[in-house]
Amino acid sequence: RFDRGAQDSTGLEAAAILGITSIGGNLIERPLSPEATKALADFAYFRLRYFGRKSTPWQERAAYEVLRAHETDDREYIVMNEPPGAGKSTLFSHDIPVWLVARDRSTRIMIGSRTERQARMYVGRIKKSLEREAPMRANAEDLVRGVAFDAEATLQDDYGPFKPEGRTDIWRSEALVVQQLDGTALDDKEPTVSAWGQDSGFLGG
């Protein structure tokens with residue numbers, strides 16, 4: 001489930017032009033590099049640059065279909081059936097959500113699975129990608145097969161920190177709130193990414 005946030009002014013329009021960095025505890029805007037700007041619009045390039053993964057045509061189409069539905073004003077539902085071993089979990093529970101968050105930090109995403117434990121693993125993987133300090137390295141077997149490559153950059157190098165400073169916002173494996181471009185704390189809002197299973201309790205819903 002991908003929901004649009006209420007703070008559109010801090011989303012893609014700002015992110016496509018500006019990055020953010022913290023100097024002396026203050027958030028400072030800085031222009032994005034051409035590569036970082038391209039990655040926000042080009043999903044295949046985004047995956048290759050930050051995760052070292054090549055995209056198939058169906059994976060690219062899936063990402064843009066999710067983005068299309070995400071950007072409408074209507075409540076949209078999409079069902080996609082994909083074959084075993086095609087990389088569904090990585091694509092839908094990690095790569096597309098991370099791309100949407102990089103484009104718009106006010107996005108709200110719920111990762112659902114059969115068990116909350118599995119969903120937390122997915123959110124924990126997103127968390128690691130957002131806070132990674134060195135580019136990912138592909139394993140030797142995938143390099144030889146040509147299905148993966150060493151990443152070129154990290155997300156925080158190109159777009160600034162996603163992990164909030166201090167302990168005012170949530171940053172855990174079951175839920176996390178990314179640092180907002182305008183420095184707004186979101187303690188009273190839904191997390192940017194949260195984990196839910198069929199065995200989860202959900203107050204009020």
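The values are calculated or read from the model by the stated rules, or taken from the named source; none is laboratory data. Note that the structure is predicted; figures quoted are calculated from it, not measured. Heads up, the Cβs are rebuilt from the backbone with ideal geometry, glycines too, and the neighbour counts pull from every protein chain shown. We work out accessible area using only protein heavy atoms, side chains counted, and drop any ligands, DNA or RNA first. Shrake-Rupley method; radii C 1.70, N 1.55, O 1.52, S 1.80 Å.
Among the residues of region 67-105, just one is among the acidic types (Asp, Glu) and assigned to a helix (DSSP H, G or I), namely Asp95. If you go through region 126-137 one residue at a time, do you hit one that is over 22 Å from Thr37 (Cα atoms), out of contact with any Phe, Trp or Tyr (no Cβ under 8 Å at 6 or more places or on another chain) and not charged (D, E, K, R)? Taking every residue of region 126-137 in turn, none turns out to be over 22 Å from Thr37 (Cα atoms), out of contact with any Phe, Trp or Tyr (no Cβ under 8 Å at 6 or more places or on another chain) and not charged (D, E, K, R).
Please work out if Thr21 is part of a helix (DSSP H, G or I) and either modelled with pLDDT under 90 or of a type in the set (Val, Ile, Thr) (or both).
Here the answer is no, as Thr21 does not meet what is asked.
Only residues that are touching a residue at least 12 places away in the same chain (Cβ under 8 Å), open to solvent by less than 50 Å² (accessible area, probe 1.4 Å), part of a helix (DSSP H, G or I) and of a type outside the set (S, T, N, Q) were counted in region 123-143, giving 5. Residues in region 53-66 that are part of a helix (DSSP H, G or I), in contact (Cβ under 8 Å) with a residue 12 or more places away in the chain and surrounded by fewer than 17 Cβ atoms within 10 Å (Cβ to Cβ): Trp58, Glu60, Tyr64, Glu65.
The set of residues in region 144-173 being assigned to a loop (DSSP other than H, G, I, E, B), among the hydrophobic types (A, V, I, L, M, F, W, C) and out of contact with any Pro (no Cβ under 8 Å at 6 or more places or on another chain) consists of Val147, Phe149, Phe162.
Residues that are under 19 Å from Glu65 (Cα atoms) and acidic (Asp, Glu): does region 80-103 have at least one? Yes; the residues of region 80-103 include at least one that is under 19 Å from Glu65 (Cα atoms) and acidic (Asp, Glu). Among all positions in region 165-176, there is at least one residue which is more than 23 Å from Leu32 (Cβ to Cβ), out of contact with any helix residue (DSSP H, G or I) (no Cβ under 9 Å at 6 or more places or on another chain) and either of a type in the set (Val, Ile, Thr) or at pLDDT 95 or above (or both). Only one entry in Ile96, Ile109 is touching a Pro at 6+ places or on another chain (Cβ under 7 Å), at negative phi and open to solvent by less than 30 Å² (accessible area, probe 1.4 Å), namely Ile109.
Residue under question is Thr90, and the condition is that it be open to solvent by less than 50 Å² (accessible area, probe 1.4 Å), hydroxyl-bearing (Ser, Thr, Tyr) and farther than 21 Å from Ile170 by Cβ; does it hold?
It is true that Thr90 is open to solvent by less than 50 Å² (accessible area, probe 1.4 Å), hydroxyl-bearing (Ser, Thr, Tyr) and farther than 21 Å from Ile170 by Cβ.
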